[in-house]
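The values are calculated or read from the model by the stated rules, or taken from the named source; none is laboratory data. Bear in mind that the values here come from a model prediction, so they are computed numbers and not experimental data. Here Cβ is always computed from backbone atoms with ideal geometry, including for glycine, and neighbour counts include all displayed protein chains.
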């Protein structure tokens, strides 16, 4: 209690202030309330606070340098996002560094996009470098298109950066390809003379058709087909030698780069040579073939004639055998005539004289001695 003096000098009693008394009562009640909390809850609370502090320390210890580098570069990345990248087994430094490069170059790329492309098996650094190169060259290339090209060229030895470079700096393709084992494209004019041509095709990448478009092998095949068709339609090989640019003009007019990953800028004839006379060679080969056919047909006819000859010989032998058989029947018939009385002895001698005269004439004609006739049959 406080006392206050009056004007007369005598002390007077003053009532106490109720507000400080109420605050003191509330404070006492609060301390009583916290004092009633079990010690187990206090232990759990302190453990949670310790774990939270440990997580903060781990995040700061592992990602502080990367976090500061991204923040200073104007490409802020949160500590939680960095920890999520680490949990997904994504190289944090690679993603953040490429994200910084992209942001510094003015590309609208997010960390999630780079993360997804890396998990899909793509080359994050190659995609970012390709996007930067395309932007500097004023080539329209979206992030999704660059990722699609990168995944499509995976394992082929080519990259999306190579595609962008080829689009900026055109590429020269030799026709035919050096790996095919041939140095020239050979074709034959209408006069039968072969013409050997070596061409060089200048192409640049068509990024819109790079995914799903035909490759360099298709370009080489189409150009070779056009060269063969143009030379084959020429009346003479001299026409090709006089105007070699006729080949390139004709081939370019056929739009050979349709549905391919490249755009043909020019087709240049590097070398034209005259080959062998294919027409004359084919005619000579045809004549040789006709000769062999005629010889084969003649051999067939000769074999048929020999077969007929042998057949006639066999028939002659058969007829001789029949004659001998018939002659063997003559003595039997004569004997039968004697027995039956149809032939007399004089008739028999006349027959023998005729046979002797015939044998003598034959021997004189052949120059040999006459053969003695058979003795008359005994009576």
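Among 252, 332, which is the only one that is touching a helix residue (DSSP H, G or I) at 6+ places or on another chain (Cβ under 9 Å) and free of Cβ contacts under 8 Å to residues at least 60 places away in the same chain? Show your work before the answer.
On the way: 332 fails: touching a helix residue (DSSP H, G or I) at 6+ places or on another chain (Cβ under 9 Å).
Just a single option satisfies the conditions, and that option is 252.
For the range 305-327, state whether one or more residues are modelled with pLDDT under 85, under 26 Å from residue 195 (Cα atoms) and either out of contact with any strand residue (DSSP E or B) (no Cβ under 8 Å at 6 or more places or on another chain) or assigned to a helix (DSSP H, G or I) (or both).
The first filter runs over the range 305-327 and keeps only residues modelled with pLDDT under 85, leaving 327.
After this cut, where a residue has to be under 26 Å from residue 195 (Cα atoms) as well, the list is none.
No: the range 305-327 contains no residue that is modelled with pLDDT under 85, under 26 Å from residue 195 (Cα atoms) and either out of contact with any strand residue (DSSP E or B) (no Cβ under 8 Å at 6 or more places or on another chain) or assigned to a helix (DSSP H, G or I) (or both).
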Residue under evaluation residue 168, criteria (1) modelled with pLDDT of 85 or more; (2) out of contact with any helix residue (DSSP H, G or I) (no Cβ under 6 Å at 6 or more places or on another chain), criterion not met: (1)
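Mind counting the residues in the range 113-127 that are over 20 Å from residue 158 (Cβ atoms) and in contact (Cβ under 8 Å) with a residue 12 or more places away in the chain?
Residues in the range 113-127 being over 20 Å from residue 158 (Cβ atoms) and in contact (Cβ under 8 Å) with a residue 12 or more places away in the chain: 4 in total.
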Segments classed as helices (runs of 4 or more DSSP H), wholly inside the range 183-287, with at least 3 members that are surrounded by 19 or more Cβ atoms within 10 Å (Cβ to Cβ): 216-232, 245-252
Selected residue (only one of 159, 142, 110, 153 is in contact with a helix residue (DSSP H, G or I) (Cβ under 9 Å, 6 or more places away or on another chain), buried (at least 18 other Cβ atoms within 10 Å of the Cβ) and without any contact (Cβ under 8 Å) to a residue 12 or more places away in the chain): 153
